Amino acid sequence: MTDRNECIEQDAQDLWSQSSDRDLIRDYAHWQGSGRWKDERAWLTIGENTYAKFRRYCRLLSVDPEKRTMLEWGTGGGSNIVRFGQEWRTCFGVDISTASLEEVMRQCREREVPATFRPCLVPAKDPDHIKTLVDEPIDLFLSTAVFQHFPSQAYGYHVIVLAAQMLKKGGLAFIQIRYDDGHEKFKSRSEKYDVYAIRFTSYKIDEFWKVMHGFNIVPIAVDLDPNVNYATFFGRKA
């Protein structure tokens, strides 16, 4: 790990930790009641849309997922957990922000989400810490609008390694990235994290596909949204 990488990781930690007191960061992290998410319906729609897309993949590909244990990497304000937690038994939620994890716990408690929510505080500089917090194989690895905030492509690829290690055989992965289409707006950055955090890291679609496959998460499908350069990968642990 280079000193430069460590600096960017610390910049990421510092920025997202501000969700405890900055409304702008809460908006970025999709907290209900902040910024674009003042309307509760808009906030709930985040999780509903994610879940609908996940179910659509499952139907199209004739996949019947186990609904025991899921893990979301990057919970933000918890809309995905609130929705998936209606059907999954246990939801591990990973974030680098203590405030965000506390917000997810509050949302789950107040909305009486039936799943057990298990918060996992994982410092930006030590993603491997997750291995000490998850004590059972997971059926679903979920991450939406998060890989774009990682400090580097290498960091994102390392998280795929961790996902592969935690997924049971046959477990599912649902991962959304920003893809690099050659335009300046969506190229990966290596400095000024606070300026470019919203799209700091992007990936080549074919390269991301190969990396997933190389770590035994076999991609089955990818869905593109060219309006915001989102690519959503659906894969299965070999």
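Each reported figure results from applying straightforward, stated rules to the coordinates on display, with no laboratory input. For clarity, every value in this text was computed on a predicted model and none was experimentally measured. Cβ placement follows ideal geometry from the backbone for every residue including glycine, while neighbour counts extend to all protein chains displayed.
Close contacts from region 102-131, counting a first residue that is more than 17 Å from Ala29 (Cα to Cα) and a second that is not hydrophobic (A, V, I, L, M, F, W, C), with Cβ to Cβ under 6 Å and a gap of 6+ residues or different chains, come to Val113/Gly85; Ala115/Gly85; Thr116/Thr90; Lys125/Glu9.
Restricting region 69-96 to residues that are hydroxyl-bearing (Ser, Thr, Tyr) and over 13 Å from the mean Cα position of the chain (by Cα) leaves a set whose member that is nearest to Ala164 (Cα to Cα) is Thr69. Filtering region 221-233 for residues that are in a strand (DSSP E or B), among the aromatic types (Phe, Trp, Tyr), closer than 29 Å to Asp14 by Cα and out of contact with any helix residue (DSSP H, G or I) (no Cβ under 7 Å at 6 or more places or on another chain) leaves a non-empty set. Of all residues in region 134-157, at least one satisfies being over 15 Å from the mean Cα position of the chain (by Cα), under 28 Å from Gln10 (Cα atoms) and either part of a strand (DSSP E or B) or among the acidic types (Asp, Glu) (or both). When every residue of region 187-199 is checked against the conditions, at least one turns out to be surrounded by fewer than 16 Cβ atoms within 10 Å (Cβ to Cβ), in contact (Cβ under 8 Å) with a residue 24 or more places away in the chain and farther than 20 Å from Glu6 by Cβ. If you filter region 51-68 down to residues that are more than 15 Å from the chain's Cα centre (by Cα) and hydroxyl-bearing (Ser, Thr, Tyr), you find that the one that is nearest to Asp126 (Cα to Cα) is Tyr57.
Scanning region 175-219 for residues that are under 17 Å from the mean Cα position of the chain (by Cα), in a loop (DSSP other than H, G, I, E, B) and not β-branched (Val, Ile, Thr) yields Phe200, Ser202. Determine, yes or no, whether Arg109 is among the charged types (D, E, K, R) and under 18 Å from the mean Cα position of the chain (by Cα). Answer is no for this residue.
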